[in-house]
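Asks: Quick one: the structure is below, and I'll ask about it shortly.
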Amino acid sequence: MTTSDGDALRVVLALRNDGPGDASGVRGQITAPATPAIDGRMIYVGKLARGASVAREVIVPLAATTANTLRGQAIDLSVELRDAHGTAPATPIKLRAILRADPLR
């Protein structure tokens, strides 16, 4: 995508709390070893009540050369969930996507 500050990558994470109680301090760490520009980034959710659904996004600024290299390429990433009480699922959420250019945001 392109922002007023230049090229960026938008990662959206949709979650639903199907656990027995509220979750707090929920966050996801992006793991993408082949794509250093996004590896290690965090998506913050915060409190997620039992039965609630939420979508959060992180916008990652990219250097023009990095954006040009990634555009049209498939990338693999996963999101490892964590929460304040260590009860988040241990299995990462995995995604394989082709990066495309979106209109200015």
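The values are calculated or read from the model by the stated rules, or taken from the named source; none is laboratory data. Remember, it's a predicted structure, so these values are computed and weren't measured experimentally. No Cβ is skipped: glycine too gets one built from the backbone with ideal geometry, and neighbour counts run over all protein chains shown.
Asks: Name the single residue that is farthest from Leu77 (Cα to Cα) among those in the stretch 1-15 being surrounded by 12 or more Cβ atoms within 10 Å (Cβ to Cβ) and not hydroxyl-bearing (Ser, Thr, Tyr).
Replies: Restricting to residues being surrounded by 12 or more Cβ atoms within 10 Å (Cβ to Cβ) and not hydroxyl-bearing (Ser, Thr, Tyr), the top hit is Asp7.
Asks: Something else now. Anything in the stretch 30-53 that is within 16 Å of Ala84 (Cβ to Cβ) and among the β-branched types (Val, Ile, Thr)? List them, or say none.
Replies: Within the stretch 30-53, Ile43, Val45 qualify.
Asks: Sticking with this one: Is it true that Val26 is surrounded by 17 or more Cβ atoms within 10 Å (Cβ to Cβ), over 21 Å from Ala97 (Cβ atoms) and β-branched (Val, Ile, Thr)?
Replies: Yes; evaluated as a whole, the condition is true for this residue.
Asks: Output the qualifying pairs, or none if there are none: Cβ atoms under 9 angstrom, residues six or more apart or on different chains, first residue in the stretch 65-87 and farther than 18 Å from Arg41 by Cβ, second residue exposed (fewer than 13 other Cβ atoms within 10 Å of the Cβ) and at pLDDT 90 or above.
Replies: Listed by first residue and then by second, the contacts come to Ala74/Arg96; Thr87/Gly21.
Asks: Is there a residue in the stretch 57-64 that is out of contact with any Cys (no Cβ under 8 Å at 6 or more places or on another chain), more than 18 Å from Gly6 (Cβ to Cβ), at pLDDT 90 or above and surrounded by 12 or more Cβ atoms within 10 Å (Cβ to Cβ)?
Replies: Taking every residue of the stretch 57-64 in turn, none turns out to be out of contact with any Cys (no Cβ under 8 Å at 6 or more places or on another chain), more than 18 Å from Gly6 (Cβ to Cβ), at pLDDT 90 or above and surrounded by 12 or more Cβ atoms within 10 Å (Cβ to Cβ).
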